[in-house]
Amino acid sequence: MKPALRALSPASWRQSFSLDGRDVARWFPGHMAKGLTKMRSSLRRVDALVEVRDARIPLSGRNPLLQESLGLKPHLLVLNKMDLAELSAQKKIVQRLEAEGLRNVVFTNCVTDENVRQVIPMVTDLVASSYRYDRQEDPEYCIMVIGVPNVGKSSLINSLRRQHLCRGKATRVGGEPGITRAVMSRIQVCERPLMFLLDTPGVLAPQIESVETGLKLALCGTVLDHLVGEETLADYLLYTLNRHQLSQYVRHYGLAGACDDITSVLKQVAVKLGKTQKVKVLTGTGAVNVLQPSYSAAARDFLRAFRSGLLGPVMLDQDVLQSCPPSSDP
Ligand SMILES: Nc1nc2c(ncn2[C@@H]2O[C@H](COP(=O)(O)OP(=O)(O)OP(=O)(O)O)[C@@H](O)[C@H]2O)c(=O)[nH]1
Ligand SMILES: [Mg+2]
């Protein structure tokens with residue numbers, strides 16, 4: 001009988017992910033530092049900040065640097081990509097954010113525009129309650145959209161324009177981090193009230209808090225995959241799915257069972273998808289080409305399937321949430 005997968009029992013699965021030797025510092029490209037300097041200098045012109053985070057990492061997806069240098073303005077937190085997030089602990093997430101001083105939070109999906117209509121009323125209320133002077137004298141709102149790369153900042157701007165102006169795209173969107181490279185000019189998103197948004201490039205902190213936080217950020221596509229290594233990232237994804245008992249990947253790829261060994265999983269995925277590569281092998285009679293599974297192509301497919309929601313919704317910050325002190329609420 002062919003052993004399709006080294007199907008280990010969950011009891012023998014990894015309890016932690018081996019992180020040694022990974023240099024998270026290299027994941028911070030230079031253009032981000034420039035973006036941050038430009039954002040600081042544009043800060044005077046803005047009435048409030050809209051911070052966008054990936055709803056799958058509502059806590060680890062923060063950039064402490066942004067809060068430190070831009071945190072003096074009224075602040076709305078948009079937890080975007082809610083369609084990809086497992087939100088059964090939504091109340092706990094909101095409580096935890098409140099404890100960090102983030103009281104204005106909205107969950108959105110900028111592809112389907114879900115909850116996006118709540119953003120402008122929340123921003124106007126926030127501005128009205130934060131400034132002493134009468135806004136009637138200053139009918140324009142200028143808001144800066146901030147966040148780590150690839151969380152949907154530009155998508156939010158486009159979604160707001162669809163909702164309030166019935167107009168199309170004003171700013172470029174893409175599946176990779178680093179699509180927006182410069183602090184853009186003001187983009188109108190609403191007529192009444194007259195509101196302009198400044199799109200900004202995604203900025204990661206040069207020192208990511210821990211390698212695990214770095215891997216979560218990478219899984220959500222905030223750094224280029226090759227900087228981390230596609231197979232490493234696929235391994236962290238497998239470890240995460242198994243730890244959260246999410247076995248949709250087994251059905252998606254028609255595997256024999258859940259497994260904690262990335263080499264076995266990628267081999268099966270490559271064979272199922274027909275992703276093979278020619279490799280020269282030296283034999284006694286000379287070199288011959290043999291077809292081998294392409295582990296890197298399988299890793300890319302595994303990551304793509306996860307990021308497009310095909311492996312089911314996840315909450316990557318479950319560990320951080322579980323480490324919360326119990327709520328004092330009844
Ligand atoms: N599933 C899902 N995908 C989304 C959502 N919002 C945005 N995206 C996708 O996420 C990717 C990144 O979106 P962008 O709007 O370019 O993100 P950004 O934050 O502006 O990225 P940078 O400019 O690179 O910092 C794109 O492929 C979007 O289509 C959402 O709510 N759900
Ligand atoms: Mg952008």
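The values are calculated or read from the model by the stated rules, or taken from the named source; none is laboratory data. Everything quoted here is computed from the prediction, not taken from an experiment. For neighbour counting, all protein chains shown are included, and Cβ atoms are generated from backbone atoms with ideal geometry for every residue, glycine included.
Summed over the range 145-189, the residues that are under 23 Å from R45 (Cα atoms), within 13 Å of ligand 2 (Cβ to nearest atom) and of a type in the set (A, V, I, L, M) give a count of 10.
The number of residues in the range 295-325 being in contact with a strand residue (DSSP E or B) (Cβ under 8 Å, 6 or more places away or on another chain) and surrounded by fewer than 20 Cβ atoms within 10 Å (Cβ to Cβ) comes to 2.
Criterion applied to L97, L87 was being within 18 Å of G61 (Cα to Cα) and at pLDDT 95 or above, and the one residue passing it is L87. Taken as a whole, the range 45-60 holds at least one residue that is within 16 Å of G202 (Cα to Cα), basic (K, R), within 11 Å of ligand 1 (Cβ to nearest atom) and touching a residue at least 12 places away in the same chain (Cβ under 8 Å). Residues in the range 197-216 that are more than 30 Å from Y141 (Cα to Cα) and of a type in the set (S, T, Y) were compared, and the one that is surrounded by the most Cβ atoms within 10 Å (Cβ to Cβ) is T213. Against the list (1) within 29 Å of D317 (Cα to Cα); (2) modelled with pLDDT of 80 or more; (3) surrounded by fewer than 19 Cβ atoms within 10 Å (Cβ to Cβ); (4) away from ligand 2 (no atom under 16 Å from the Cβ), the condition L219 fails is (3).
Can we say L194 is within 17 Å of the chain's Cα centre (by Cα), surrounded by fewer than 19 Cβ atoms within 10 Å (Cβ to Cβ), of a type in the set (A, V, I, L, M) and more than 16 Å from ligand 2 (Cβ to nearest atom)? Steps first, please.
Numbers: within 17 Å of the chain's Cα centre (by Cα): no; surrounded by fewer than 19 Cβ atoms within 10 Å (Cβ to Cβ): yes; of a type in the set (A, V, I, L, M): yes; more than 16 Å from ligand 2 (Cβ to nearest atom): yes.
Taking the combined requirement at face value, the residue does not satisfy it.
With respect to L43, is the statement that it is in a helix (DSSP H, G or I) and not basic (K, R) true?
On the way: in a helix (DSSP H, G or I): yes; not basic (K, R): yes.
So L43 fits the description; yes.
Can you spot a residue in the range 262-276 that is out of contact with any helix residue (DSSP H, G or I) (no Cβ under 7 Å at 6 or more places or on another chain) and at pLDDT below 90? No, because not a single residue in the range 262-276 is out of contact with any helix residue (DSSP H, G or I) (no Cβ under 7 Å at 6 or more places or on another chain) and at pLDDT below 90.
Is the range 165-172 home to any residue that is under 23 Å from the mean Cα position of the chain (by Cα), more than 22 Å from C220 (Cα to Cα) and of a type in the set (G, A, S)? Yes, the conditions are met somewhere in the range 165-172. Beta carbons closer than 7 Å, at least 6 apart along the sequence or on distinct chains, pair a first residue in the range 306-330 that is assigned to a helix (DSSP H, G or I) with a second that is aliphatic (A, V, I, L, M) and modelled with pLDDT of 60 or more for F306/L237; V320/L59; L321/A89; L321/I93.
Residue count for the range 74-129, restricted to those that are free of Cβ contacts under 8 Å to residues at least 40 places away in the same chain, assigned to a loop (DSSP other than H, G, I, E, B) and crowded, with 16+ Cβ neighbours inside 10 Å: 3.
Is it the case that Q292 is over 30 Å from H164 (Cβ atoms), exposed (fewer than 15 other Cβ atoms within 10 Å of the Cβ) and in contact (Cβ under 8 Å) with a residue 12 or more places away in the chain? Yes: the conditions hold for Q292.
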